[in-house]
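Here the structure comes first, spelled out in C-alpha cells, and everything after it is commentary.
The values are calculated or read from the model by the stated rules, or taken from the named source; none is laboratory data. Keep in mind that what you see is a predicted model, and the values were worked out from it rather than measured. Every residue, glycine as well, gets a Cβ built from its backbone with ideal geometry; the counts of neighbours run over all protein chains shown.
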Amino acid sequence: MLSAHEIALMHAMTAGNTNAQLGALVNRSEKTVRNQLTHLYLKLGARNRTEAVAIFMRMAQI
C-alpha cells in the first residue's frame, strides 16, 4: 500500500521529526515534504499528522 519512500517518511515522523528535519533526512525541500505528507494523509485516510502516525503504527503491528 505505501511506497518505500512513504514508509521512510512515516518512520521518521513517528520519531517526532519536523517537516524540515524530514526534508533533510530524505533529501527533499520542506515544501515537497509537506506536499508528500498531505498526499500520504489522504492515502491513509488521516486528517492530521497524529492520526497518520496512529494509523501507521496500527498497520505496522499487523
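What the table below lists for this structure:
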item	result
Yes/no for residue 8 being within 10 Å of the chain's Cα centre (by Cα) and at pLDDT 95 or above	no
Helices (runs of 4 or more DSSP H) contained in the chain and holding at least 2 residues exposed (fewer than 13 other Cβ atoms within 10 Å of the Cβ)	4-14, 30-44, 49-61
